[in-house]
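The values are calculated or read from the model by the stated rules, or taken from the named source; none is laboratory data. Small disclaimer: the values here were computed from a predicted structure and weren't measured. Neighbour counts run over all protein chains shown; Cβ positions are idealised from the backbone, glycine included. Areas reflect the complete protein model, heavy atoms only, side chains present, ligands, DNA and RNA absent. Shrake-Rupley method; radii C 1.70, N 1.55, O 1.52, S 1.80 Å.
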Amino acid sequence: MNLNLDLEDELSQQLQALSRSTGKSQNALIREAIQLLITTKEQSQWSSTILNFQGISDAIVFEAYREELSPPREDEVI
């Protein structure tokens with residue numbers, strides 16, 4: 001697939017410099033950047049297991065024990 005890409009001058013200059021310093025073509029660097037973006041986006045998605053989690057029905061509710069907690073000592077307050 002062929003794409004035409006318009007880059008701001010500064011970004012274009014940075015791409016050219018990176019191409020020279022790495023010895024990779026600008027096309028190769030753009031392909032790598034797109035692949036990295038796609039991979040990162042895929043990995044940042046929550047799995048359906050997490051999205052569908054409804055909690056544990058018989059778990060202890062932390063808030064139910066709040067009144068039993070001792071207040072912090074004055075020297076422990078940050």
## Note on the structure
Calculating Cα extents along the principal axes in Å from this structure picks out, from (i) 75, 16, 11; (ii) 65, 39, 22; (iii) 44, 26, 23, entry (ii)
### Message
Among SER12, ALA64, ASN27, whose Cα projects farthest towards the positive end of the dipole of the chain, with charges put on the beta-carbon of Lys, Arg (+1) and Asp, Glu (-1)?
### Response
ASN27
### Message
Restricting to DSSP loop positions (anything but H, G, I, E, B) with no more than 12 other Cβ atoms inside 10 Å of their own Cβ, which trypsin sites (Lys or Arg not before Pro) remain in the chain?
### Response
ARG73
### Message
As a test of the formula, what do you get for the chain when each DSSP H run with n ≥ 4 contributes -39,500 (n - 2.57) and the sum is divided by the residue count, at 222 nm and rounded to the nearest 500 deg cm²/dmol?
### Response
-14500 deg cm²/dmol
### Query
Rounded to the nearest whole Å², what accessible area per residue is found for the chain with the 1.4 Å probe?
102 Å²
#### Entry: Rounded to 10°, Cα long-axis angle of helix 9-22 versus longest principal axis of the chain
80 degrees
### Nearest-20 debye value, the chain charge dipole, Cβ charges on Lys, Arg, Asp, Glu
700 debye
### Message
As an exercise, use a Förster radius of 35 Å and the Cβ-Cβ distance of SER70 and SER48 to find the FRET efficiency, rounded to the nearest 0.05.
### Response
0.30
### Task
Could you tell me what fraction of 2.2 N^0.38 Å the Cα radius of gyration of segment 1-42 comes to, as a two-decimal ratio?
1.22
### Query
Once the Cα atoms of helix 26-43 and of the chain are each reduced to a long axis, what angle between those two axes, in degrees from 0 to 90 to the nearest 10, is obtained?
20 degrees
